[in-house]
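Engineer: Would you mind keeping the following structure in view while I ask a few things?
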Amino acid sequence: MGKTSDLTAVQKTIIDTLHKEGKTQKVIAKEAGCSQSSVSKHINRQAKGRKKCGRKKCTSSRDNRTLQRIVTTNPFKNVGEIHKKWTAAGVSASRTTTRRLMKDMGFRCRIPCVKPLLNMKQRKKRLAWAKDKKDWTDAEWSKVMFSDESKFCISFGNQGPRVWRKSGEAQNPRCMRSSVKFPPSVMVWGAMSSAGVGPLCFLRSRVNAAVYQEVLEHFMLPAADQLYGDADFTFQQDLAPAHSAKTTSTWFKDHGIPVLDWPANSPDLNPIENLWGIVKRRMQYARPNNAEELKTTIRATWALITPEQCHRLIESMPRRITAVIEAKGAPTKY
């Protein structure tokens, strides 16, 4: 009869099954066709577990806790900087070991989520707005035309510093970057509703009230005719200076277009922000050589947006509002 290492998979299964049934080792050995000592060794090995083999770990549990604390308190540091801090604490380990242990701890190098900075007054206004709109139905939101400007660059590769975080920590404040509104850049204006998207407007100069009113005249009104026809609708815009100017308010009154009241610094409430994200993700491998090629790529990608996609985004408004209420006005995952 063979040794324990010579036991076949079938023999091991027989031994395990009969042992669970309470059979004696003598009976098990006879049924499995092996020696009683082989049965005994196999049962003992299963009970104790196989002894770990391989190279001994060069770090202790205490060292690993130190590393986790360093990563948690310095999530925007790269591996080299984290390794330097760890070794400065008296740990002897290679950079490769540092990276491997960080991975074993669940940390992954990710692009941080960007959320706007909100003061307490803005949070209170967002919360009040959300409570006021929490009973709106999908039919009411479908009558809103959402608009926004977005920046498009020749290259989409420069996305800023990365952050070390674990799964489920994307919305953790320590793993997020704060954004600043209105960076100096070339902007594209667009509008959407549950029926689809309107024509794009490429802004060639800084947007003041006069420029914005030209955009409304030559692009928003045609978009309204395209998306709503003769039906009534409400226009949404953020609180950019050009949008909230007195002359712009007069323009809307003269044209009989109601404007949805909107809380400041609330891109997470605007579904067109998600639409811009879809367009940019589809363009991430595009490499236009100049501004005209970039515009052509944007137009082509924008034209691929379907009414179904827009409708799904509009349907998310009740969930967005609920999220703001639960967060007490703080930025949400949207």
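Engineer: With every atom except the alpha carbons ignored, what do you get for Rg and Dmax of the stretch 190-334, in angstroms?
Structural biologist: Every Cα atom of the stretch 190-334 included, Rg and Dmax give 16.1, 45 Å.
Engineer: If I model a spin label as a point 7 Å beyond the Cα along the Cα-Cβ vector, how far apart are those points for Trp251 and Arg281 in nm?
Structural biologist: 3.3 nm
Engineer: Another question, then. State the dimensionless ratio Rg/Rh of the stretch 1-121 (Rg: radius of gyration of Cα atoms; Rh: Kirkwood radius).
Structural biologist: Radius of gyration relative to Kirkwood radius: 1.34.
Engineer: How high is the relative contact order of the chain, in percent, counting Cα pairs under 8 Å that sit 6 or more residues apart?
Structural biologist: That works out to 20 percent.
Engineer: In the stretch 96-139, what trypsin sites (Lys or Arg not before Pro) fall in a loop by DSSP, with at most 12 other Cβ atoms inside 10 Å?
Structural biologist: Here the sparse-neighbourhood loop sites are Lys134.
Engineer: Let me ask another. By accessible area of protein heavy atoms, probe 1.4 Å, what ranking do Asp268, Asp230, Asp63, Asp254 get, highest first?
Structural biologist: Asp230, Asp254, Asp63, Asp268
Engineer: Which is farthest toward the positive dipole end of the chain among Ala291, Gly196, Cys153, measuring Cα position about the Cα centre, with Cβ charges +1 (Lys, Arg) and -1 (Asp, Glu)?
Structural biologist: Cys153
Engineer: Exceeding 20 Å between C-alpha atoms, which entries from my cross-link table qualify? They are Lys12/Lys56; Lys151/Lys295; Lys121/Lys246; Lys115/Lys280.
Structural biologist: Lys12/Lys56; Lys121/Lys246, as the Cα separations exceed 20 Å there.
Engineer: In units of 2.2 N^0.38 Å, what is the alpha-carbon radius of gyration of the chain?
Structural biologist: Ratio of Rg to 2.2 N^0.38 Å for the chain: 1.54.
Engineer: Find, among the GluC sites (Glu not before Pro) in the stretch 8-116, those assigned to loop by DSSP (not H, G, I, E, B) with at most 15 other beta-carbon atoms within 10 angstrom.
Structural biologist: Passing both the DSSP loop test and the Cβ count: Glu21.
Engineer: With axes computed from alpha carbons, what is the tilt in degrees of helix 120-133 against the longest principal axis of the chain, rounded to the nearest 10 within 0 to 90?
Structural biologist: 80 degrees
Engineer: Would you work out the charge dipole size for the chain about its Cα centre, treating the Cβ of every Lys and Arg as +1 and the Cβ of every Asp and Glu as -1, and quote it to the nearest 20 debye?
Structural biologist: That gives the chain a dipole magnitude of about 3620 debye.
Engineer: Okay, next question. Quick one: helix 79-88 against the long Cα principal axis of the chain, what's the angle to the nearest 10°, folded into 0 to 90?
Structural biologist: 50 degrees
Engineer: Need the full-extension length gain, Lys20 to Thr322, defined as separation in residues times 0.36 nm minus the C-alpha distance. One decimal, nm.
Structural biologist: Fully extending the segment from Lys20 to Thr322 adds 103.4 nm.
Engineer: Shifting gears a bit: Can you tell which of Ser35, Asn208, Asn74 lies farthest toward the positive end of the dipole of the chain, using +1 and -1 charges on the Cβ of basic and acidic side chains (Lys, Arg; Asp, Glu)?
Structural biologist: It is Ser35.
Engineer: Once amide H atoms are built 1.01 Å from N in the peptide plane, which residues 5 or more positions from Ala330, or in another chain, come under 5 Å H to H?
Structural biologist: The answer is none.
Engineer: Under 12 Å from a point placed 7 Å out from the Cα of Arg55 along the Cα-to-Cβ direction: which residues of the stretch 78-114 have their backbone N that close?
Structural biologist: 93-98
Engineer: Right, here's the next one. How big is the stretch 276-325 by the Kirkwood estimate over distinct Cα pairs, in Å?
Structural biologist: 12.7 Å
Engineer: Where both partners of a DSSP beta bridge lie in the chain, what percent of those bridges are antiparallel, to the nearest 5?
Structural biologist: Bridges in the chain that DSSP calls antiparallel: roughly 70 percent.
Engineer: So, one more: So how tilted is helix 291-303 from the main axis of the chain? Cα-based, degrees 0 to 90, rounded to 10.
Structural biologist: 80 degrees
The values are calculated or read from the model by the stated rules, or taken from the named source; none is laboratory data. Everything numeric here is computed off the predicted structure, so don't read it as measured data. All Cβ positions, glycine included, derive from the backbone under ideal geometry; neighbour counts span all protein chains shown. Each accessible area value is taken on the protein alone, full model and side chains, heavy atoms only, with ligands, DNA and RNA left out. Shrake-Rupley method; radii C 1.70, N 1.55, O 1.52, S 1.80 Å.
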